[in-house]
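The values are calculated or read from the model by the stated rules, or taken from the named source; none is laboratory data. Quantities reported herein were computed from a predicted structural model and do not represent experimental measurements. All Cβ positions, glycine included, derive from the backbone under ideal geometry; neighbour counts span all protein chains shown. For the accessible areas, the whole protein counts, side chains as well, though only heavy atoms, and no ligand, DNA or RNA atoms are used. Shrake-Rupley method; radii C 1.70, N 1.55, O 1.52, S 1.80 Å.
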Amino acid sequence: MSRNRKRHRSLEVCVSLALASPLALAQQQAGGAVQELEEITVTARKRTENLQDAPVAVTAFTGDMLQAHQVVNIAEVGKLTPNASFESGSNFAGSSNATTFFIRGIGQVDFNLTIDPGVGLYVDGVYMSRSIGALLDTIDVEQVEVLRGPQGTLFGKNTIGGAVVVTSRQPSKEFGASLDLTTGSYGRFDAHGSLNVPVNDKLAFRLTGSAQTREGYVDRLYDGGKMGNIHSASGQLLVKYDATDDITLNLSVDGTRSREEAKPDVLLNVNPGSTFASFWNFALNGATCFTPPTGFPVPNLPQCVTSQWLTHDPYKTWAGGGNYSDLNLWGIALTAEWRLSAVDIKLISAVRALSSRFSLNAGGVPQPLDITANDYSQRQWSEELQFTGTAIDERLKWLAGLYYLKEKGTDRNGLTTSLADFLSGGLVDNDSFATFGQMTLKTTAATSLTLGGRYTYETKRFLPDQYIISDNTGGQIFALSRCFVRAAPIVPPSPDCTADPTLNPDGNRILPFTQVSTTARQFTPSATFDFKPWNDVLTYATYSRGFKSGGFTQRVFPPEPAAPAFSPEFVKSYEVGLKMEGLDRRIRWNSAAFYTDYTNMQILVNEGLAPTVRNVGRAKIPGLETELEFAPIRRLHLTSAIGYLDAHYEAVPASAAPITVNSQLPNAPRWTGSVFVTADAWTGASGKLSLDADWSYKGERFLDAANSPQLRQGGYAIVGAGVRFAPASGAWSLSLGGTNLTNKVYLTSGYSDLAALGSATGAFARPREWYLRGRMDFNGS
């Protein structure tokens with residue numbers, strides 16, 4: 001069967017599932033007492049509206065829903081969402097606080113300051129620029145919305161793949177407090193408290209605090225330590241002030257402090273004959289590691305890099321080097337809303353900053369093949385001004401706005417390798433300006449047309465501060481620097497090269513200490529036509545365009561005369577959707593089919609001895625999604641989702657090698673799915689006993705663009721379950737349950753370079769764990 005015929009057959013199967021499942025359920029007679037599904041409101045179009053009335057592919061979760069299924073951080077929201085792949089960690093970072101987001105096959109695995117995420121994260125309307133520090137906890141959120149597809153009109157910047165919108169629980173006019181305590185596997189102890197105080201009729205504040213502790217689950221055999229622990233504390237103060245009937249001020253102050261071990265990478269494979277490993281084995285330790293006449297096999301001696309360091313255990317490693325991941329994160333945001341008779345005005349002003357230190361042993365062995373240490377800091381300031389209103393007897397709803405983001409950051413990235421010691425990294429200085437607008441015209445009683453557009457002007461500046469600290473090769477590395485970092489590079493390098501007095505005065509530069517810049521100007525339009533033939537049915541068709549600006553490659557070796565740049569990437573998306581409710585609002589079914597044209601893709605490939613960003617051509621990503629929520633009887637609630645992707649390359653230039661048109665896109669599984677069931681097993685005068693069970697599936701995928709065999713993760717399913725008791729008063733509750741009950745072993749991130757570095761490493765998810773949670777509520781808050 002041809003590849004196209006296989007795709008068509010898969011599409012037919014998914015369409016059949018999407019259409020048959022809810023219709024079959026709708027034909028069944030539900031016995032016993034019934035209960036309507038909870039109405040869900042979303043802000044996907046920068047205004048509050050019912051989920052079923054929004055012609056947008058969005059999955060929304062309330063804070064109570066996330067707690068019921070033990071979703072404790074933003075990465076775990078991905079298991080609830082079709083065609084989403086959210087993972088804690090990054091392929092190239094030792095940080096335990098990084099997050100990798102992919103939606104519909106589009107995202108970014110790198111955390112560097114010189115490249116932007118492919119999916120936007122927004123907290124209370126504020127865009128978070130970096131994936132470091134993005135592993136937010138979801139303990140006290142009001143709602144999380146996952147918008148799928150490019151959001152190039154209304155949201156901040158760089159929402160080419162989609163947006164994750166987090167809304168905090170806001171202060172209310174009633175006094176209340178709560179306390180959550182959780183214990184469990186690996187010495188887990190979590191404490192979370194909240195306090196809501198209405199000072200008077202105009203002023204209220206909400207104070208929350210959280211502390212989480214859990215031991216690491218990967219053993220470091222090198223020094224007896226652990227990796228992969230959780231040790232953090234965070235807090236937030238929210239203040240709401242109704243200055244007048246028409247003016248409201250909302251202030252948010254938040255902070256997080258984390259002192260954790262490194263991301264728990266383990267060695268997956270090793271090549272003693274690679275550039276880094278063979279130099280260590282033969283040039284530096286030739287007397288003991290060299291075996292004539294060919295040099296192979298290398299003896300299994302403690303000082304040699306061989307397969308002896310493979311533990312064949314996902315929770316044990318011989319890696320040495322630093323074992324730390326520290327984070328300080330804080331933010332202040334002020335949202336002012338002014339409601340006038342003809343227009344509403346909203347201004348969101350925010351400042352955020354983070355500083356982080358983390359280490360990664362990319363070699364995965366006790367020897368210093370490649371050990372990195374990052375001192376990473378970033379600051380951002382943003383302003384967003386929105387105007388909204390209605391016209392033509394409220395048949396026309398419109399929104400217009402201005403957006404500005406200023407970002408500065410520094411990454412001092414030290415590398416200790418067998419060949420030499422380096423300092424990589426540099427400083428970034430970015431500006432993003434945008435003006436945007438959208439209007440929805442109700443053309444008839446049943447139809448509406450929405451048109452929108454955003455003009456973005458961005459400037460990115462990079463000052464590389466990269467040089468060679470020491471050379472273990474007898475001067476060969478310094479010779480590369482002297483010959484390559486010059487206006488006219490000398491290839492091949494010559495022993496008598498002299499340093500360029502302008503670009504490389506000290507003779508040890510990897511890149512000139514000269515600022516480079518790039519500018520992007522783009523207009524991203526969108527258009528949606530929706531038709532509502534009945535009150536409970538909505539259909540829509542959407543065209544949208546998104547882009548992500550270019551940047552610079554930070555990791556460079558061999559040296560170059562200028563920082564290598566990459567250009568913007570683009571997406572055109574075509575989508576049709578159907579939303580419907582039935583059976584007296586006991587069943588809700590939302591589905592979408594889409595076709596994505598993805599061009600000039602920013603993909604990481606190994607070039608020389610470092611991963612480099614390249615624009616690799618074009619990909620097509622057709623797919624389907626369907627979500628079903630069903631409450632057949634009062635005591636039973638079921639939620640399920642299915643996602644299908646056929647992500648494939650259409651054209652790939654030779655410069656993108658080893659990627660070809662036959663490669664698979666990274667983090668783009670063909671199938672994703674989930675089922676979540678909540679059942680009230682027993683209800684009496686003394687209280688209620690509820691059972692929760694969840695099952696989620698993610699199909700086969702590669703974690704890198706090169707499709708390294710070591711980073712191929714086969715399809716897997718994760719199962720969790722819990723039991724919860726609450727008295728009739730609702731003043732407290734007690735929950736007992738477990739996550740990853742089948743103890744499934746699967747990769748979440750990794751890096752492979754067997755040719756140059758000589759190793760492949762990866763981080764596996766946490767194993768099976770149990771938890772016991774108690775919650776107390778005071779005065780119903």
Output the Kirkwood hydrodynamic radius of segment 209-250, Cα pairs only, in Å rounded to one decimal.
14.0
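How much accessible area per residue does segment 461-573 have, in Å², with a 1.4 Å probe?
On the way: 5050 Å² over 113 residues.
Ligands and nucleic acids excluded, the result is 45 Å² per residue.
May I ask you to rank TYR222, TYR644 by accessible area, largest first, using a 1.4 Å probe over the protein chains only? Numbers along the way, then the final one.
Working: TYR222 120, TYR644 0 Å².
Solvent-accessible surface, decreasing: TYR222, TYR644.
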Estimated inter-spin distance, ALA657 and THR514, nm [label 7 Å along Cα→Cβ]:
2.9
Excluding ligands and nucleic acids, what accessible area in Å² is computed for GLU607 using a 1.4 Å probe, to the nearest 10?
70
Once the convex hull of the C-alpha atoms of segment 387-504 is built, how many Å³ does it hold per residue, rounded to a whole number?
189
Carbon/sulfur accessible area of segment 627-781, % of total, 1.4 Å probe, equals 62
For segment 693-742, what is the largest minus smallest coordinate of the Cα atoms on each principal axis, given in angstrom and ordered from greatest to least?
56, 18, 13
Name the residues of segment 376-401 whose amide N is less than 12 Å from a point 7 angstrom out from the Cα of ILE345 along the C-beta direction?
385-388
For segment 673-681, Karplus-derived ³J(HN,Hα) couplings (6.51, -1.76, 1.60; θ = phi - 60°; whole Hz; x for glycine and proline) come out as x, 7, 9, 10, 10, 10, 9, 8, 6
Cα lying deepest toward the dipole's positive end in the chain, options THR473, PHE725, HIS648, charges on Cβ:
HIS648
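In terms of solvent-accessible area of protein heavy atoms at a 1.4 angstrom probe, what is the ranking of TRP671, TRP682, highest value first?
Numbers: TRP671 70, TRP682 120 Å².
Result, largest first: TRP682, TRP671.
Classify segment 239-366 as rounded, prolate or oblate, taking a ≥ b ≥ c as the square roots of the eigenvalues of its Cα gyration tensor: rounded when a/c is under 1.5, otherwise prolate if a/b is larger than b/c and oblate if not.
Details: a/c = 5.11, a/b = 4.35, b/c = 1.18.
Because a/c hits 1.5 or more and a/b exceeds b/c, segment 239-366 counts as prolate.
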Would you check the accessible area of SER131, probe 1.4 Å, heavy atoms only, in square angstrom rounded to 10?
20
re segment 638-781: pairs of Cα atoms spaced beyond 24 Å account for a percent value of 52
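Quick check: at a probe of 1.4 Å, how many percent of the accessible area of segment 462-595 sits on carbon and sulfur atoms?
Numbers: 3400 of 5830 Å².
That fraction is 58 percent.
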Compare the Cα positions of PRO559, ALA527, SER341 along the charge dipole of the chain (+1 at Cβ of Lys, Arg; -1 at Cβ of Asp, Glu; about the Cα centre) and return the one farthest towards the positive end.
ALA527
Residues of segment 718-762 with amide N under 19 Å of a point placed 7 Å along Cα→Cβ from SER185:
718-724, 735-749
Give me the orientation-averaged projected area of the Cα convex hull of segment 369-408, in nm², one decimal.
5.3
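Net charge around VAL677, counting only other residues with Cβ within less than 10 Å of its Cβ (Lys, Arg = +1; Asp, Glu = -1)? Show your work: numbers first, answer last.
Details: positive: none; negative: ASP692, ASP694.
That works out to -2.
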Size of the chain as Cα extents on the principal axes (Å, biggest first)
83, 64, 54
To the nearest µm²/s, what D does Stokes-Einstein give for segment 140-217 at 20 °C and 1.002 mPa s, using the Kirkwood radius over alpha carbon pairs as Rh?
137
Jot down the per residue volume, in cubic angstrom and as a whole number, of the convex hull over the alpha-carbon atoms of segment 316-423.
152
How high is the relative contact order of the chain? Use alpha-carbon pairs under 8 Å, at least six apart in sequence, and give a whole percent.
13
Surrounding charge for LYS744, neighbours by C-beta under 13 angstrom, Lys/Arg +1, Asp/Glu -1, total +3
Radius, Kirkwood style, for segment 367-440 when every pair of distinct Cα atoms is counted (Å):
16.2
Translational D (Stokes-Einstein, µm²/s) of segment 584-656 at 10 °C and 1.306 mPa s when Rh comes from the Kirkwood sum over C-alpha pairs?
102
Ignoring any ligand, DNA or RNA, what whole percent of the accessible area of segment 54-210 comes from carbon and sulfur when the probe is 1.4 angstrom?
59
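At 20 °C and 1.002 mPa s, what whole-number value in µm²/s does Stokes-Einstein give for the translational diffusion of segment 75-120, with Rh from the Kirkwood sum over Cα pairs?
D = 198 µm²/s.
Write down the accessible area per residue of segment 626-725 in Å², having rolled a 1.4 Å probe over the full set of protein chains. Write out the running numbers ahead of the final one.
Values: 3980 Å² over 100 residues.
Result: 40 Å² of accessible area for each residue.
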At 1.4 Å probe radius, can you tell me the per residue accessible area of segment 289-436 in Å²?
42
Measuring from a point 7 Å past the Cα of LYS406 along Cα-to-C-beta, which residues in segment 382-399 have an amide N at less than 18 Å?
382-385
Largest first and in whole Å, give the semi-axes of segment 443-498's equivalent ellipsoid, each being the square root of 5 times a Cα gyration tensor eigenvalue.
57, 13, 11
